[in-house]
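Report on the following structure.
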Amino acid sequence: MMYQIRIKGHLSPQWTDWFGGLTITPEDSGDTLLTGLVVDQAALHGMLRKVRDLGLPLVSISPIEPDQVDAAEVKQ
């Protein structure tokens, strides 16, 4: 399933590997989007723990359809 996780604060693209290859997109609003394929609920919870461990506030998490994301932005 594809997910989009929005966090408060900016992460640099160097965190991509730590977040299992999710695409990291800093936004002008000061938020960061983590977007990509998450294999199962256990992996999703693991990513949310990483967000917590960084001390960044979680804004939202949304399952998305693959056609809602520009394929060039997502590493699968």
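Consider residue 16 carefully, then state whether it is open to solvent by less than 90 Å² (accessible area, probe 1.4 Å), at pLDDT below 95 and under 10 Å from the mean Cα position of the chain (by Cα).
On the way: open to solvent by less than 90 Å² (accessible area, probe 1.4 Å): yes; at pLDDT below 95: yes; under 10 Å from the mean Cα position of the chain (by Cα): yes.
Against the criterion (open to solvent by less than 90 Å² (accessible area, probe 1.4 Å), at pLDDT below 95 and under 10 Å from the mean Cα position of the chain (by Cα)), residue 16 qualifies.
Among (1) of a type in the set (D, E, K, R); (2) closer than 19 Å to residue 53 by Cβ; (3) over 9 Å from the mean Cα position of the chain (by Cα), there is one condition residue 6 misses while meeting the rest; what is its number?
Of everything listed in (1) of a type in the set (D, E, K, R); (2) closer than 19 Å to residue 53 by Cβ; (3) over 9 Å from the mean Cα position of the chain (by Cα), residue 6 misses just condition (3).
Give all pairs with beta carbons closer than 8 Å in which a residue from the range 21-39 that is at positive phi meets a residue that is among the hydroxyl-bearing types (Ser, Thr, Tyr); count only pairs at least 6 apart in sequence or on separate chains.
From residues that are at positive phi, the pairs are 36/3; 36/23.
Quick check on this structure: which one of 47, 2 is surrounded by 15 or more Cβ atoms within 10 Å (Cβ to Cβ) and in contact (Cβ under 8 Å) with a residue 60 or more places away in the chain? Reasoning before the result, please.
Values: 47 fails: in contact (Cβ under 8 Å) with a residue 60 or more places away in the chain.
Residue meeting the stated conditions: 2.
Among (1) over 11 Å from the mean Cα position of the chain (by Cα); (2) at pLDDT 95 or above; (3) open to solvent by 80 Å² or more (accessible area, probe 1.4 Å), where does residue 57 come up short?
Among (1) over 11 Å from the mean Cα position of the chain (by Cα); (2) at pLDDT 95 or above; (3) open to solvent by 80 Å² or more (accessible area, probe 1.4 Å), the lone unmet condition for residue 57 is (3).
Scan the range 22-40 residue by residue and report those that are closer than 13 Å to residue 59 by Cβ, open to solvent by 10 Å² or more (accessible area, probe 1.4 Å) and in contact with a His (Cβ under 9 Å, 6 or more places away or on another chain).
Just the residues of the range 22-40 that are closer than 13 Å to residue 59 by Cβ, to begin with: 27, 29-34.
Add one more test, that the residue is open to solvent by 10 Å² or more (accessible area, probe 1.4 Å), and what stays is 27, 29-31, 33.
Scanning the range 22-40 gives 27, 30, 31.
The values are calculated or read from the model by the stated rules, or taken from the named source; none is laboratory data. A quick note: this is a predicted structure, and the numbers were derived from the prediction, not measured. Note: ideal-geometry Cβ built from the backbone for every residue, glycine included; neighbour counts use all protein chains shown. Just so you know, the surface numbers come from the protein's heavy atoms only, side chains and all, with ligands and any DNA or RNA stripped out. Shrake-Rupley method; radii C 1.70, N 1.55, O 1.52, S 1.80 Å.
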